[in-house]
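The values are calculated or read from the model by the stated rules, or taken from the named source; none is laboratory data. What you see is a predicted model; the values in this text were computed from it and never measured. Because the Cβ atoms are built from the backbone with ideal geometry, glycine has one as well, and the counts that use them run over all protein chains shown. The protein model used for the area step is the full one, side chains on, heavy atoms only, and it has no ligands, DNA or RNA in it. Shrake-Rupley method; radii C 1.70, N 1.55, O 1.52, S 1.80 Å.
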Amino acid sequence: MTERKMPVVAITRRLPEPIEQRMGELFDVSFNATDAPMSQPELVAAMRRVDVLVPTVTDRIDRSMIAQAGERLKLIANYGNGVDNIDVEAAHARGIFVTNTPNVLNEDTADMTMALILAVPRRLVEGGSRLISGERWAGWSPTWMLGRRITGKKLGIVGMGRIGTAVARRARAFGLEIHYHNRHRVSPKTETELGATYWESLDQMLARMDIVSVNCPSTPATFHLLSARRLALMPAHAFIVNIARGEIIDQQALVKLIEEGRIAGAGLDVFEGEPAIDKRLMKLAEEHRVVLLPHMGSATIEARIDMGEKVIINIRTLMDGHRPPDRILPGQG
């Protein structure tokens, strides 16, 4: 009986050690020992020689690169939930499957969203930084470091998918009033459970919220969904939190509105053009008017291992002659 050959797999970044070890046992795999992002020519070279490419959300796999892929490339198994970094339509046209790692990041991402919802109004980062700045702390004062209460405030969730729903559950426990805008209204059962109010009009919701949380996927339809016009609808006392993708918010407009005091502040884990960070945004962070995190919303050991397990399952399923369970079709994203 002829022994089946291992699929040839290229992984673009370092993954948790248990995942790399398991992949090394199952596949003929090449690792990126330096963990430096691969250049476009390096990615194309990998796509020409492997059966499976395992990119991350920072690897842009566009139409021109897919056109140069080798005939043996059968799967782009994205190590991430979003697939906005991959031209899924071009891959589909070439007969290349694209998969993601859904449902393993929901709770961790919702936790971090809630952390930012607390951190921005309550000035947590600013308060902590005062203790290590070298400036002597004079002790408790009734008027020092006053933030804003969140209990009883209106939280508007943009995107009520799995993560948005997980955020709503946490926020409800903190006494926030839940509102949401989504492409489709959630079930009456979920609305009742969360005490959630649906807004068909995003504009009308934004104009009435105290805190806005962005939790929708990045697609062509959601690019700058929070445009300059829409951001200007928010009350001056409101805060905005984004842990989805930077491109969903018009970042330049957001910076301008915060500088002018027309939005109270923001908590951002993602940015337009990251890893580069706008200098004006950094200045606002230094002034403690925004809280910035380095895209760490899903950064737990458990999540990263679960993501790797999803990738392994998708590869093995395809190599066994079946459709991978986490296949993405054009228009899904």
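For the charge dipole of the chain, defined by +1 on Lys and Arg C-beta atoms and -1 on Asp and Glu C-beta atoms about the Cα centroid, which residue among Thr99, His288, Ile277 has the Cα displaced farthest towards the positive pole?
Sorting the options by dipole projection puts first His288.
Before rounding to the nearest 500, sum -39500 (n - 2.57) across all DSSP H runs of length at least 4 in the chain and divide by the residue total; then give [θ] at 222 nm in deg cm²/dmol. Walk me through the numbers on the way to the answer.
Details: 13 runs with 121 residues, N = 333.
The helix-only estimate for the chain comes to -10500 deg cm²/dmol at 222 nm.
Go ahead and run the numbers for FRET between Ala93 and Ala221, Cβ-Cβ distance against an R0 of 30 Å, rounding to 0.05. Spell out each step's value before the answer.
Values: r = 21 Å, r/R0 = 0.69.
Once rounded, the FRET efficiency stands at 0.90.
Which residue fluctuates the most in the chain, going by a Gaussian network model with Cα springs under 10 Å, if the choices are Arg230, Arg280, Arg170?
Arg280
What lysines does Lys279 reach when the alpha-carbon gap must be under 29 Å and sequence neighbours fewer than 8 apart in one chain are set aside?
Straight-line reach from Lys279, under 29 Å: Lys256.
Karplus couplings for the range 39-49 from phi (6.51 cos²θ - 1.76 cosθ + 1.60, θ = phi - 60°), rounded to Hz, Gly and Pro as x?
Running phi through 6.51 cos²θ - 1.76 cosθ + 1.60 with θ = phi - 60° gives 6, 4, x, 5, 5, 4, 4, 5, 5, 7, 10 Hz.
Which whole-number value in Å² is the accessible area per residue of the chain, probe 1.4 Å?
Working: 16830 Å² over 333 residues.
It amounts to 51 Å² per residue over the chain.
Which aspartates and glutamates have a Cα less than 12 Å from the Cα of Lys74, not counting those fewer than 8 places away in the same chain?
Straight-distance partners of Lys74: Asp51.
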